[in-house]
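Student: Okay, here's the structure, questions in a sec.
The values are calculated or read from the model by the stated rules, or taken from the named source; none is laboratory data. In this text, all values refer to a predicted model and were calculated from it rather than measured experimentally. Neighbour counts are summed over all protein chains in view; Cβ atoms, including those assigned to glycine, are modelled from backbone coordinates with ideal geometry.
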Amino acid sequence: MDLKLLKLTPRRKQLLEKMSIFSVEDLLKTYPMRYETIETIPYKDWQPSMHVCFEGLISSVCRVIRLQKNRSMTKFSVISWDEELEITIFNRPWTNQFTFGKKISLFGVYQGNNKVVVSTYNFKPLKEQIGLKPVYSLIEGLKQNDMITMVSNALEFVDQMESLVPLRLQEKYRLLNYPQALRWIHQPKTQNELNQAVRTLKYQEFLCFQCVMQASQANTKEHVHKQEKVFDGNMIQTWIQQFPYTLTSDQQTSIEAVLNDMKSSKIMFRLVQGDVGCGKTIVAMTAIYACYLSNHQAAFLVPTEILARQHYENMQKLGLETCLYVSSLPTKEKQQILTDLSNGKIKIVVGTHALFQEQVEFKDLGLVVTDEQQRFGVKQRRSLLEKGKSVDFLMMSATPIPRTYAHFIYGDLDISNIHTMPAGRKPVITKYIPSKSMASILKDILDGIQIEKRQCYVVCPSIEDNEDTNLRSVTSIYQGMKSTLKNSVAISLLHGKMSSEEKEEIMNDFANHKIDILVSTTVIEVGIDVKNATLMVIYDAHRFGLSTLHQLRGRVARGEKQGYCYLLSNTKDPNAIQRLKKMEELSDGFQVSEYDFHMRGPGDMLGVRQSGLPGFVFGDLQKDKAMMEACIKDAKEILNRNDDKPLLEFVDKALENAQYFD
């Protein structure tokens, strides 16, 4: 439904669009972040520092006291509770609003001695405002009352929004219908109404997630059985023994599980997860070598061209005859590769999303490996698997999902965890800096670069300055550093809006130490190994999930030198500060992931946009296990029945929209 239905002013429409609200549905799915309970407390029970609300008559002429820097203090008295109360309101110098004898509703903090500092006021009867009041997360320029009014107008159209949960399940679990749940989430009259709305929306989230996840796996595993792959295990062991290092016990266990999957008649559908630098790639390369020995083709899919080139070079060093297929290759070379893939001459190919393209055909594809699986949409993974018959599928992820939740999130996926790090790998020393400036650590960074010849990443959450969230952009930080440091160090800029060619060139220059400091967005999260880059500064670190921070700092743990990561943040939010301080203690990705799930919720962690799976706003993977188990069964039943049209259409659309995301 178009926002035009709400007859918004151009300014309000523009502000909503800044919040990614483009329809009535989007507005109604912008839920309150919390609720304020407005209740009147009798004057006799007031204590200093208590939040109070009351109605009264203005009993004096108001006066305005001007303070410095355009600030002001407005004072007047009101009669309420048979008492005369002295009111102070800051920065509201409008004397014509506070006229003698006018009735006013006031909200503020009691100071003692009949004095109240008021934060908000209005001239509506207080009895109409008692109860639960929604509080929304808004951008600058949009007021709570504006949002409440717009949502209230949008709720007039709520009955046109269809419930995705089938009626039989609504009745079975005593859930509200979807329009009623939306009414009560935005305008609850009681705590009970709010609880019922949350319960209904939570169930719908979990059910939608399960339906999409199970449908995506059904597509991936249409043929559960395959012809076993035959290869010589002794040859693989001999090949492994040539490595210049010893595999960890977790790597060996993972390789054993993968090889057993490939030898079996059941299609492999396995996730190998572990920290950046734990050695997942060698597990993948062993699987590729086994596939090669079984006389099948293998495709290794990675999210960036520069990473594809790195894997290609590493595979060549290990004696794997590999071909590189990326979009920047000359047309003639690509044509030759396509011919050799279709006739079976090429056995191993490593590439980017270019491998998804229709013209890429394999003679006998037996294995697909994806690195950083959350960065490939369901549709793209499926299109590659469909290029062979009964293809084994191995995924790798450096964002470990705790085992207790993995069953719900990944379904029937087999999971191998790599906890142990290779010998000699040092944990990154992480320091929380309560500041938005590098000033206090600049000398350490410059000493590291100029004296110890290290390199440094500087990471920012935003490409452009954002006044609404007070974020410094990667561009302004880059320009500021260039201006401050002049030509004393080589500084370059990298972000997602650059072309692939520009990104490749900059990362190559960084890898070849032509650049000392790389100022970047999180595009480096899935990047190449630059062993000399052992310093990292992250601006506005509170804007990232801990798992993302952990994955970013893993970039500076690739060399022999000790890695350092500085988390800059001037946030005053005690929870955010607690999370950043926790990063100083935690070095294991599984512990970070567990803590992040607990503190921040799964929606921030699952890379929802990347995987194409619906996210969680209300669901809590730790507390809602019974509901999650019910949704697993209900989703199976819905997909088997195949007649719940609204939900099935939602599932098809979700799978269709699961795009490649870089």
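Student: Cβ contacts < 9 Å: first residue part of a loop (DSSP other than H, G, I, E, B), restricted to the stretch 564-588; second residue among the small types (Gly, Ala, Ser) and surrounded by fewer than 15 Cβ atoms within 10 Å (Cβ to Cβ), any location; separation 6+ or different chain. Result?
Tutor: SER569/SER435; ASN570/SER435; ASN570/SER437
Student: Pairs please, first residue from the stretch 224-249 and hydroxyl-bearing (Ser, Thr, Tyr), second anywhere and surrounded by 11 or more Cβ atoms within 10 Å (Cβ to Cβ), Cβ atoms under 7 Å, 6+ apart in sequence or on different chains.
Tutor: Every condition considered, the pairs that remain are TYR245/PRO422; THR248/GLY279; THR248/THR420; THR248/PRO422; SER249/THR420.
Student: For the stretch 475-504, give me each residue that is over 14 Å from SER520 (Cα atoms) and acidic (Asp, Glu).
Tutor: If the condition is that a residue be over 14 Å from SER520 (Cα atoms) and acidic (Asp, Glu), then GLU501 is the only one that fits.
Student: Let me ask you something else. Those residues that are in contact with a Gly (Cβ under 7 Å, 6 or more places away or on another chain) and either without any contact (Cβ under 8 Å) to a residue 24 or more places away in the chain or not in a strand (DSSP E or B) (or both), I need them from the stretch 72-100; list them, please.
Tutor: ILE79
Student: Condition test on GLY108, is it more than 30 Å from PRO646 (Cα to Cα) and in a strand (DSSP E or B)?
Tutor: Details: more than 30 Å from PRO646 (Cα to Cα): yes; in a strand (DSSP E or B): yes.
Answer is yes for this residue.
Student: Within the set of pairs 6+ apart or on separate chains, which have a first residue in the stretch 13-29 that is in contact (Cβ under 8 Å) with a residue 60 or more places away in the chain, a second that is part of a strand (DSSP E or B), and C-beta atoms under 9 Å apart?
Tutor: VAL24/ASP2
Student: What residue, of ILE79, ILE58, is under 18 Å from LEU126 (Cα atoms), in contact with a Lys or Arg (Cβ under 7 Å, 6 or more places away or on another chain) and assigned by TED's automatic domain parsing to the domain that holds ILE104?
Tutor: That would be ILE58, the only listed residue that is under 18 Å from LEU126 (Cα atoms), in contact with a Lys or Arg (Cβ under 7 Å, 6 or more places away or on another chain) and assigned by TED's automatic domain parsing to the domain that holds ILE104.
Student: Still on this structure, I have one more. Being modelled with pLDDT under 90, under 30 Å from GLU86 (Cβ atoms), outside the structural domain of GLU256 (by TED's automatic domain parsing) and not basic (Lys, Arg): is that true of GLU162 here? I'd like the intermediate steps shown before the answer.
Tutor: Details: modelled with pLDDT under 90: yes; under 30 Å from GLU86 (Cβ atoms): no; outside the structural domain of GLU256 (by TED's automatic domain parsing): yes; not basic (Lys, Arg): yes.
For GLU162, the condition - modelled with pLDDT under 90, under 30 Å from GLU86 (Cβ atoms), outside the structural domain of GLU256 (by TED's automatic domain parsing) and not basic (Lys, Arg) - is not met.
Student: Okay, next question. In the stretch 1-44, what residues are closer than 20 Å to PHE618 by Cβ, part of a loop (DSSP other than H, G, I, E, B) and either in contact with a Pro (Cβ under 6 Å, 6 or more places away or on another chain) or not charged (D, E, K, R) (or both)? Can you show your working first?
Tutor: From the stretch 1-44, those closer than 20 Å to PHE618 by Cβ are 19-21, 25-37; that's our starting set.
In the following step, the residues that additionally are part of a loop (DSSP other than H, G, I, E, B) were identified as 19-21, 29-33.
MET19, SER20, ILE21, THR30, TYR31, PRO32, MET33, listed by residue number.
Student: Which residue pairs have Cβ atoms under 8 Å apart, sit 6 or more places apart or on different chains, and have a first residue in the stretch 476-490 that is among the small types (Gly, Ala, Ser) and a second that is surrounded by 16 or more Cβ atoms within 10 Å (Cβ to Cβ) and at pLDDT 90 or above?
Tutor: SER488/LEU446; ALA490/ILE515; ALA490/ASP516; ALA490/ILE517
Student: Oh, and also: If a residue must be at pLDDT 90 or above and surrounded by 14 or more Cβ atoms within 10 Å (Cβ to Cβ), how many such residues does the stretch 319-333 contain?
Tutor: 5
Student: Hey, among the residues in the stretch 254-273 that are modelled with pLDDT of 90 or more and in contact with a strand residue (DSSP E or B) (Cβ under 7 Å, 6 or more places away or on another chain), which one's nearest to LYS389 (Cα to Cα)? Give the steps one after another, and end with the answer.
Tutor: Restricting attention to the stretch 254-273, the residues satisfying the condition of being modelled with pLDDT of 90 or more are 254-264, 272.
Filter once more, keeping what is in contact with a strand residue (DSSP E or B) (Cβ under 7 Å, 6 or more places away or on another chain): 254, 257-258, 261-262, 272.
Working: SER254: 24, ALA257: 22, VAL258: 19, ASP261: 16, MET262: 14, VAL272: 23 Å.
For the stretch 254-273, the residue satisfying everything is MET262.
Student: Continuing with the same structure: Can you find a residue in the stretch 563-580 that is in contact with a strand residue (DSSP E or B) (Cβ under 9 Å, 6 or more places away or on another chain), modelled with pLDDT under 80 and buried (at least 18 other Cβ atoms within 10 Å of the Cβ)?
Tutor: Within the stretch 563-580, the subset in contact with a strand residue (DSSP E or B) (Cβ under 9 Å, 6 or more places away or on another chain) is 563-569, 577, 580.
Next, only the ones that are modelled with pLDDT under 80 stay: none.
No, the conditions are met nowhere in the stretch 563-580.
Student: Taking the stretch 116-144, which residues are surrounded by 15 or more Cβ atoms within 10 Å (Cβ to Cβ) and more than 39 Å from the chain's Cα centre (by Cα)?
Tutor: Correct list: VAL116, LEU126.
Student: Further question: State all residues of the stretch 151-182 that are without any contact (Cβ under 8 Å) to a residue 40 or more places away in the chain and touching a Leu at 6+ places or on another chain (Cβ under 6 Å); if no residue qualifies, say none. Outline the logic, then answer.
Tutor: From the stretch 151-182, those without any contact (Cβ under 8 Å) to a residue 40 or more places away in the chain are 152, 156, 159, 167-168, 170-172, 174-181; that's our starting set.
Once the filter is applied, which keeps residues that are without any contact (Cβ under 8 Å) to a residue 40 or more places away in the chain and touching a Leu at 6+ places or on another chain (Cβ under 6 Å), the stretch 151-182 yields only ALA181.
Yes/no per residue for (1) under 30 Å from PHE100 (Cβ atoms); (2) in contact with a strand residue (DSSP E or B) (Cβ under 7 Å, 6 or more places away or on another chain):
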site: GLU25; (1), (2): no, no
site: THR30; (1), (2): no, no
site: THR40; (1), (2): yes, yes
site: LYS44; (1), (2): yes, no
site: ILE58; (1), (2): yes, yes
site: VAL64; (1), (2): yes, yes
site: LEU67; (1), (2): yes, yes
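Student: Give the residue, chosen from GLN47, GLN68, that is more than 30 Å from LEU8 (Cβ to Cβ), in a loop (DSSP other than H, G, I, E, B) and modelled with pLDDT of 90 or more. Reasoning before the result, please.
Tutor: Numbers: GLN68 fails: modelled with pLDDT of 90 or more.
Every option except GLN47 fails the conditions.
Student: Looking at LYS514, LYS486, LYS482, which one is over 24 Å from the mean Cα position of the chain (by Cα), surrounded by 15 or more Cβ atoms within 10 Å (Cβ to Cβ) and over 21 Å from LEU552 (Cβ atoms)? Give the steps one after another, and end with the answer.
Tutor: Values: LYS514 fails: surrounded by 15 or more Cβ atoms within 10 Å (Cβ to Cβ); LYS486 fails: surrounded by 15 or more Cβ atoms within 10 Å (Cβ to Cβ).
Answer to the selection: LYS482.
Student: While we're looking at this one, here's another question. Restricting attention to helices (runs of 4 or more DSSP H) lying wholly within the stretch 594-662, give those where 1 or more residues are at pLDDT below 80 and within 23 Å of the chain's Cα centre (by Cα).
Tutor: Details: elements: 608-611, 625-641, 645-656.
Filter on the stretch 594-662 gives 608-611, 645-656.
Student: Consider the stretch 51-63. How many of its residues are aliphatic (A, V, I, L, M), surrounded by fewer than 16 Cβ atoms within 10 Å (Cβ to Cβ) and assigned to a strand (DSSP E or B)?
Tutor: First, the residues of the stretch 51-63 that are aliphatic (A, V, I, L, M): 52, 57-58, 61.
Imposing the further condition that a residue be surrounded by fewer than 16 Cβ atoms within 10 Å (Cβ to Cβ) reduces the set to 57, 61.
Subsequent filtering for residues that are assigned to a strand (DSSP E or B) retains 57.
The total comes to 1.
Student: Next question. Check whether at least one residue in the stretch 311-319 is within 29 Å of GLY496 (Cα to Cα), of a type outside the set (A, V, I, L, M) and touching a residue at least 40 places away in the same chain (Cβ under 8 Å), and report yes or no.
Tutor: Yes - at least one qualifying residue is present in the stretch 311-319.
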